[in-house]
Amino acid sequence: MKSTVEQLSPTRVKINVEVPFDELKPNFDAAYRKIAQQVRVPGFRPGKVPARVLESRIGRAPVLDEVVNEAIPAKYIEAVRAGEVRTLGQPEFEVTKLEDREVLEFTAEVDVRPEIELPDLAGLEISVDDVETTDEEVAEQLDELRARFGTLAGVERPAQTGDFVSIDLSATVDGKAVEEASTTGLSYEIGSGQLVDGIDEAIVGANAGETKTFTTKLVAGEFAGQDAEVTVTVQSVKERELPEADDEFAQLASEFDTIDELREDLRKRLGRVKIMQQGVQARDKVLEILLERTEVPLPEKVVESEIENRKHDAVHPFDHDEAQFAKALEAEGKTLDEFNAEVKEESEKAVRTQLLLDTIADKEKTSVNDGELTERIIYQAQRFGVSPDEYVQRAQQSGQLTAIYADVRRGKALASVVRGTTVKDASGAEVDLSELFGSDEAEETQVTEEAVATPAE
């Protein structure tokens, strides 16, 4: 077999392949066996029909079709490996010459990873927010913890923000009932923002037994994007009674004996969260600088695929009804053209990010060990609410395991750049993020999934 690689652009090549027929004998043997199982010839058992009899029965063309269809992908892979071509996406094949018993020639056009010249980041310095935990933030955390142990008690007063109400809902559009917006006995916390716009304003000030109406724009369903008249009846009003913030509560809600110890623990937890936020800030700022300073040619077909995937995910909740999706966008004050422009921009940035981090990973010879891959799988499984085994099975079936590996590798590559960056807080003090991103001496990057997740995920 002979093959040559022709560079069409920085991100696309044409691979020309010439295969002598004597190299296709295994393909012909396999084709005869396959066709022999499908053709019934009197006097021969299925699968035992000789090749010459098969050809006399069905002709040479079906055999050639089978051989060509099977041989081209395999020979393409051989050519890719021989030419050390870093392909992206699926190739477009074209048979350019087929002389029976002589030669098969074909071409394969495919996107490839472009050569990327990395910028010099020596002396790079960025700024992140200060880590400061206020008494008010600690008190808010304590109140949230108290709320978990709170009880609901009925009140004889108008509803107010923070109350829990039992409501009946119904809605109409131009006099036609909206079935999916009709319910009874629904429990709702006023101010939580979990229902349609306008409902909080309608309920606040209402007493049990009162009915209110208001107009809102529906964002999903058959009438997405249209104004609906909503009727809400308040059946009951309850307020949450919180336990006292004292030592007894600390012992009930935690492993601590005193409320002061509990408050101090909450303060430390908030501090750790803010350090994590510093890490995310540092990661994002370093990535933005990398993207600004690096020229990354975009493979057209890869970007198109990314755009299609994002659009598919956006329309999926609407059963791929594009008209309903457009109405939902309208309800959000956005046009379909604006959505498409945003998706295009996000997709291009995602592809640029992936290519850039892959280049850094190659330069740094970044690898991923089994433990790191397992950690990502467990993290992703928890996100989707499935067991790690089930997540792995799904990933294998959809061919996503390679993508998971690549994402972990990209995250480690970005962490290596962050490690080499001077990070200071808003007050000018240098920030040590080694607990999140590891140190240059460490063999493995000790960093949480949240801190290194590739932005293109």
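The values are calculated or read from the model by the stated rules, or taken from the named source; none is laboratory data. All values reported here derive from a predicted model rather than from experimental measurement. Quick reminder, even Gly has a Cβ in these numbers, built from the backbone with ideal geometry, and neighbours come from all protein chains shown.
Taking the stated definitions as given, is Arg293 touching a residue at least 60 places away in the same chain (Cβ under 8 Å) and in contact with a Pro (Cβ under 6 Å, 6 or more places away or on another chain)? Reasoning before the result, please.
Details: touching a residue at least 60 places away in the same chain (Cβ under 8 Å): yes; in contact with a Pro (Cβ under 6 Å, 6 or more places away or on another chain): yes.
Against the criterion (touching a residue at least 60 places away in the same chain (Cβ under 8 Å) and in contact with a Pro (Cβ under 6 Å, 6 or more places away or on another chain)), Arg293 qualifies.
Which members of the stretch 134-179 meet the condition of being within 25 Å of Gln235 (Cβ to Cβ), polar (S, T, N, Q) and in contact with a helix residue (DSSP H, G or I) (Cβ under 8 Å, 6 or more places away or on another chain)?
Thr161, Ser170
Is it the case that some residue within the stretch 364-379 is farther than 30 Å from Leu121 by Cβ and among the charged types (D, E, K, R)? Break it down into steps so the answer makes sense when it comes.
Taking the stretch 364-379 and keeping what is farther than 30 Å from Leu121 by Cβ, we get 370, 374, 377-378.
From what is left, the residues that are among the charged types (D, E, K, R) are 370.
Yes, because at least one residue in the stretch 364-379 is farther than 30 Å from Leu121 by Cβ and among the charged types (D, E, K, R).
Under 8 Å by Cβ, and 6 or more places apart or on different chains, what pairs join a residue from the stretch 15-26 that is on the phi > 0 side of the Ramachandran plot with one that is surrounded by fewer than 16 Cβ atoms within 10 Å (Cβ to Cβ) and in a helix (DSSP H, G or I)?
none
Being within 18 Å of Lys97 (Cα to Cα) and without any contact (Cβ under 8 Å) to a residue 12 or more places away in the chain, is that true of even one residue in the stretch 51-58? Steps first, please.
Applying the first criterion (within 18 Å of Lys97 (Cα to Cα)) to the stretch 51-58 yields none.
Looking for residues that are within 18 Å of Lys97 (Cα to Cα) and without any contact (Cβ under 8 Å) to a residue 12 or more places away in the chain, one finds none in the stretch 51-58, hence no.
Counting residues that are not assigned by TED's automatic domain parsing to the domain that holds Glu295, which helices (runs of 4 or more DSSP H) fully inside the stretch 343-423 reach at least 2?
Numbers: elements: 370-384, 388-398, 401-419.
The helices (runs of 4 or more DSSP H) meeting that bar number zero.
Can you spot a residue in the stretch 274-292 that is loosely packed, with under 14 Cβ neighbours inside 10 Å and of a type in the set (A, V, I, L, M)?
Checked against the condition, which is being loosely packed, with under 14 Cβ neighbours inside 10 Å and of a type in the set (A, V, I, L, M), the stretch 274-292 yields no hits at all.
Could you tell me whether any residue of the stretch 188-203 is of a type in the set (Ser, Thr, Tyr), surrounded by 12 or more Cβ atoms within 10 Å (Cβ to Cβ) and either in contact with a helix residue (DSSP H, G or I) (Cβ under 7 Å, 6 or more places away or on another chain) or under 27 Å from Arg240 (Cα atoms) (or both)? If you could, list the steps in order and put the result at the bottom.
First, pick out the residues of the stretch 188-203 that are of a type in the set (Ser, Thr, Tyr): 188, 192.
Now restrict to residues that are surrounded by 12 or more Cβ atoms within 10 Å (Cβ to Cβ): 188.
Applying the additional criterion that residues be either in contact with a helix residue (DSSP H, G or I) (Cβ under 7 Å, 6 or more places away or on another chain) or under 27 Å from Arg240 (Cα atoms) (or both) yields 188.
Taking every residue of the stretch 188-203 in turn, at least one turns out to be of a type in the set (Ser, Thr, Tyr), surrounded by 12 or more Cβ atoms within 10 Å (Cβ to Cβ) and either in contact with a helix residue (DSSP H, G or I) (Cβ under 7 Å, 6 or more places away or on another chain) or under 27 Å from Arg240 (Cα atoms) (or both).
Restricting attention to strands (runs of 3 or more DSSP E) lying wholly within the stretch 110-207, give those where 1 or more residues are within 32 Å of the chain's Cα centre (by Cα).
Numbers: elements: 125-128, 151-154, 164-173, 183-189.
Ranges flagged: 125-128, 183-189.
Quick grid of which residues meet (1) closer than 26 Å to Ala426 by Cβ; (2) in contact with a His (Cβ under 7 Å, 6 or more places away or on another chain); (3) among the charged types (D, E, K, R):
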{"site": "Arg240", "(1), (2), (3)": "no, no, yes"}
{"site": "Ala250", "(1), (2), (3)": "no, no, no"}
{"site": "Glu255", "(1), (2), (3)": "no, no, yes"}
{"site": "Thr258", "(1), (2), (3)": "no, no, no"}
{"site": "Leu266", "(1), (2), (3)": "yes, no, no"}
{"site": "Val273", "(1), (2), (3)": "yes, no, no"}
{"site": "Gln277", "(1), (2), (3)": "yes, no, no"}
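Give Arg410, Arg352, Arg419 a once-over and let me know the one that is over 21 Å from Ile116 (Cα atoms), modelled with pLDDT of 90 or more and not hydrophobic (A, V, I, L, M, F, W, C).
Arg419
Which number in (1) free of Cβ contacts under 8 Å to residues at least 40 places away in the same chain; (2) out of contact with any helix residue (DSSP H, G or I) (no Cβ under 6 Å at 6 or more places or on another chain) marks the one condition that Pro388 misses?
(2)
Only one of Val165, Val131, Val138 is over 30 Å from Gln354 (Cβ atoms), at pLDDT below 95 and surrounded by 13 or more Cβ atoms within 10 Å (Cβ to Cβ); which?
Details: Val165 fails: at pLDDT below 95; Val138 fails: at pLDDT below 95.
Matching residue, one of Val165, Val131, Val138: Val131.
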